[in-house]
1. Residues being crowded, with 23+ Cβ neighbours inside 10 Å, β-branched (V, I, T) and over 14 Å from the mean Cα position of the chain (by Cα): count how many of those fall in the stretch 129-155.
2. If you check every pair at least six apart or on different chains, which have Cβ atoms under 9 Å apart with a residue in the stretch 133-153 that is at positive phi first and a residue that is at pLDDT 95 or above and not hydrophobic (A, V, I, L, M, F, W, C) second?
3. Would you tally the residues in the stretch 187-199 being assigned to a loop (DSSP other than H, G, I, E, B) and either surrounded by 13 or more Cβ atoms within 10 Å (Cβ to Cβ) or touching a Cys at 6+ places or on another chain (Cβ under 8 Å) (or both)?
4. If you take just the helices (runs of 4 or more DSSP H) that sit entirely in the stretch 1-102, which of them hold at least 1 residues that are within 26 Å of H139 (Cα to Cα) and over 12 Å from the mean Cα position of the chain (by Cα)?
5. What tally of residues in the stretch 26-63 results from selecting those that are crowded, with 19+ Cβ neighbours inside 10 Å and in contact (Cβ under 8 Å) with a residue 60 or more places away in the chain?
6. Any residue at all in the stretch 138-156 that is over 20 Å from E53 (Cβ atoms) and hydroxyl-bearing (S, T, Y)?
7. Tell me, yes or no, whether the stretch 106-121 has at least one residue that is of a type in the set (D, E) and touching a residue at least 60 places away in the same chain (Cβ under 8 Å).
Amino acid sequence: MNDNLKKALFDYLLWMGDTTLVLGHRISEWCGHGPILEEDIALTNIALDLLGEARLYLTYAGEIEGKGRSEDDLAYLRDVMDYHNSLIAEQPNGDFAFTVMRQFLFTVFNYHLQEALLTSSDERIRSIAEKAIKEVTYHLRHSKDWVLRLGDGTEESHNKIQDALNNIWMYVDDMFLTLPGDKVLVDEKIVPEMATIKSKWLETVKNILDEATLKLPADGFMMKGGRQGKHGEHLGFILAELQYLPRAYPGTKW
């Protein structure tokens with residue numbers, strides 16, 4: 001594997017690892033605060049699944065980088081500007097409707113991406129996708145059910161989930177942001193064309209929103225830059241909590 005390909009793959013793996021790590025941490029904040037006991041457990045399980053994905057991606061990223069950094073080093077010992085997660089992952093939970101919509105929009109994306117990665121020419125990425133697709137299929141069913149339940153429910157629940165969709169929509173294009181090095185990965189059939197994933201994502205999202213009697217927001221300003229290390233104010237607070245112990249007690253073995 002040449003240096004350009006290694007760098008491109010490392011960046012891609014960091015993006016996926018960071019996104020699932022940050023979103024998993026966000027969802028874990030619902031532990032003990034879910035609207036019903038069953039949902040409290042479901043959200044905690046989803047958070048654990050995303051953490052599992054993050055570990056697989058970050059472990060592989062460390063190996064590709066070849067500098068001896070482990071998954072823990074990459075998760076705990078990088079600063080905000082060195083994180084490359086999609087911006088949607090770091091947005092605060094808000095109310096339950098906002099969390100549901102954030103999870104739905106990301107999960108549809110993750111489902112179609114993992115589905116495409118099942119045919120990756122990279123054996124390691126294929127193996128990650130084979131594990132992840134089973135979990136993401138459940139995540140999609142779970143988030144879809146809640147979008148339908150809230151969207152086609154009472155007037156209040158409909159308004160809340162529609163407001164959530166309107167407020168988070170500005171972050172969706174960032175999920176499909178590509179870097180120059182991605183072309184090398186596409187040419188090597190390691191990852192899919194992002195335009196194809198976006199087309200499938202939009203079709204699935206539209207169909208489910210129609211069924212939920214929700215309106216797709218009009219095109220407007222989009223926040224972008226997560227993969228380039230450009231983040232809002234929220235990520236720093238997430239990392240301050242996530243990274244506290246390893247930074248306070250460096251090198252400690254638990």
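1. 1
2. Going by the 9 Å Cβ cut-off, there are no qualifying pairs.
3. At the first step, the residues of the stretch 187-199 found to be assigned to a loop (DSSP other than H, G, I, E, B) are 188-193.
Within this subset, residues satisfying the condition of being either surrounded by 13 or more Cβ atoms within 10 Å (Cβ to Cβ) or touching a Cys at 6+ places or on another chain (Cβ under 8 Å) (or both) are 188, 190-193.
So the answer is 5.
4. On the way: elements: 3-28, 37-65, 71-76, 87-90.
It comes to 3-28, 37-65, 71-76.
5. 9
6. Of the residues in the stretch 138-156, the ones over 20 Å from E53 (Cβ atoms) are 145-156.
Filter once more, keeping what is hydroxyl-bearing (S, T, Y): 154.
Checked the stretch 138-156: at least one residue is over 20 Å from E53 (Cβ atoms) and hydroxyl-bearing (S, T, Y).
7. Taking the stretch 106-121 first, the residues of a type in the set (D, E) are 115.
Next, only the ones that are touching a residue at least 60 places away in the same chain (Cβ under 8 Å) stay: none.
The answer is no, given that none of the residues of the stretch 106-121 is of a type in the set (D, E) and touching a residue at least 60 places away in the same chain (Cβ under 8 Å).
Residue-wise test of (1) buried (at least 18 other Cβ atoms within 10 Å of the Cβ); (2) in contact with a helix residue (DSSP H, G or I) (Cβ under 8 Å, 6 or more places away or on another chain).
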| residue | (1), (2) |
| --- | --- |
| W201 | yes, yes |
| R227 | yes, yes |
| E233 | no, no |
| G236 | no, yes |
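The values are calculated or read from the model by the stated rules, or taken from the named source; none is laboratory data. For clarity, every value in this text was computed on a predicted model and none was experimentally measured. Cβ atoms come from the backbone with ideal geometry, glycine included; neighbour counts cover every protein chain shown.
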